[in-house]
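One structure below.
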Amino acid sequence: MQFRRFGKTNWQVSEIGFGGWQLSGEWGKVDDTASIKTLQYAWEKGINFVDTAELYGDGHSETVIGKALQEWTNNKIYVATKVRPTRWPSPTDTSPPLRGRFPDWYLRESVEKSLKRLGVERLDLLQLHSWGPFGHRELDWLETLNDLRMEGKIDQVGISLRDNYPDEGVSAATLGLAASQQVIFNMFEQHAGDRLIPAAEKSGTAIIARVPFDSGSLIGNWHENSYGEWEEGSQKHKMFHGDRFSETLRRVNALKQDVQPFYGSLPEAAMRYVLSHQPVSVVIPGMATPEEVDMNIAYSDGAAFSDELAQKMGEHAWVRNYYV
């Protein structure tokens, strides 16, 4: 396992982290006992960073992680969680306000609940779930979080960007306003690499790259009938409804053709592409089984991404919003 410095902190985190959304049950049925075993297996293999949110299953993901932590007595595990705003912005609103959506009473209440579910005395990283373009100047949220840091309730403050608006984090990254920014970044969703990641590199802001496998499409095992096999009402079933599935599959098959001469599988290429960007401190794929853990950590070997394939990647950039 390769480790990277988490921005300007002194944390050394595994470059492959554990994305905790799938622990919630919103991506399909889960067995909590199996989830706990998978978490602990990941930690035994060197993963030391877990990302979750109170939104994931209304706290269920946090609770499962908390139970796994209670049974863990080895090395430090860094846990990042998120607090959602009191009012979630519309995905089509290009200038939602941030002021007033993380009031003092609400942040304090949310932190206490997360601390209880996770079974810890201090949150390593608290991220504001759903940032906005004016968050760098609408700073009422920062007053409370600074107080909570001084009170020992949280260590570091981060922000989690809206699904298809990575540029909303550029101002905050330029100012170094938060320890980290979480953003969608993968072989389709490449936009974060244009402005956000360079700005983060200059200011020493850690980048947490989520959805490296494009919510499953870049695993490369979809076929024409896959959509009908997914659990109705699951997150994946909702995301890729209608023509979205067929369009995604078409693009995946085209990407496979370019990847094949360089890598043995599409997920290997997908993970190595994200890891090739050094400002990325940690990538957080979802993992439901020990086998999936093994698959992901196999790519943490420091190998460089193919320069020739990198030159072709611009042809596959795809800006869309399937997360609503």
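The table below lists the values:
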{"quantity": "Selected residue (only one of F262, F245 is in contact with a Ser or Thr (Cβ under 7 Å, 6 or more places away or on another chain), at negative phi and of a type in the set (F, W, Y))", "calculated": "F262"}
{"quantity": "When residues of region 74-129 are limited to those that are among the small types (G, A, S) and either in contact with a Gly (Cβ under 6 Å, 6 or more places away or on another chain) or buried (at least 17 other Cβ atoms within 10 Å of the Cβ) (or both), the one farthest from L39 (Cα to Cα)", "calculated": "S110"}
{"quantity": "Region 304-324, residues that are open to solvent by 30 Å² or more (accessible area, probe 1.4 Å) and modelled with pLDDT of 95 or more", "calculated": "D307, E308, A310, Q311, K312, G314, E315, A317"}
{"quantity": "Residues of region 229-245 satisfying the condition of being open to solvent by less than 70 Å² (accessible area, probe 1.4 Å) and not in a loop (DSSP other than H, G, I, E, B)", "calculated": "Q235, K236, H237, M239, R244, F245"}
{"quantity": "Among (1) in contact with a Phe, Trp or Tyr (Cβ under 8 Å, 6 or more places away or on another chain); (2) open to solvent by less than 30 Å² (accessible area, probe 1.4 Å); (3) part of a loop (DSSP other than H, G, I, E, B), the one test that Y273 misses", "calculated": "(3)"}
{"quantity": "Of residues in region 122-134 being in contact with a helix residue (DSSP H, G or I) (Cβ under 7 Å, 6 or more places away or on another chain) and modelled with pLDDT of 95 or more, the one nearest to P89 (Cα to Cα)", "calculated": "L128"}
{"quantity": "Hits in region 34-77 (condition: touching a Ser or Thr at 6+ places or on another chain (Cβ under 7 Å) and part of a helix (DSSP H, G or I))", "calculated": "T38, H60, S61, E62, V64, I65"}
{"quantity": "Close pairs (8 angstrom Cβ cut-off, 6 or more residues apart or separate chains): within 19 Å of N10 (Cβ to Cβ) in region 119-141, open to solvent by 50 Å² or more (accessible area, probe 1.4 Å) anywhere", "calculated": "R122/K153; L123/K153"}
{"quantity": "Identity of the residue in region 246-267, surrounded by 14 or more Cβ atoms within 10 Å (Cβ to Cβ), charged (D, E, K, R) and free of Cβ contacts under 8 Å to residues at least 40 places away in the same chain, that ends up farthest from E308 (Cα to Cα)", "calculated": "E247"}
{"quantity": "Looking only at region 1-27, and only at residues there that are assigned to a helix (DSSP H, G or I) and open to solvent by less than 70 Å² (accessible area, probe 1.4 Å), the one that is nearest to I184 (Cα to Cα)", "calculated": "Q22"}
{"quantity": "Residue count, region 280-298 (criterion: part of a loop (DSSP other than H, G, I, E, B) and either open to solvent by 30 Å² or more (accessible area, probe 1.4 Å) or at pLDDT 95 or above (or both))", "calculated": "4"}
{"quantity": "Qualifying residue in region 24-44 (condition: among the charged types (D, E, K, R) and under 22 Å from G158 (Cα atoms))", "calculated": "no"}
{"quantity": "Spans of helices (runs of 4 or more DSSP H) in region 104-197 with at least 3 residues under 24 Å from H277 (Cα atoms)", "calculated": "170-175"}
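The values are calculated or read from the model by the stated rules, or taken from the named source; none is laboratory data. Everything numeric here is computed off the predicted structure, so don't read it as measured data. Positions of Cβ are backbone-derived with ideal geometry, glycine not excepted, and every protein chain shown enters the neighbour counts. For accessibility, only protein heavy atoms count, side chains too; no ligands or nucleic acids. Shrake-Rupley method; radii C 1.70, N 1.55, O 1.52, S 1.80 Å.
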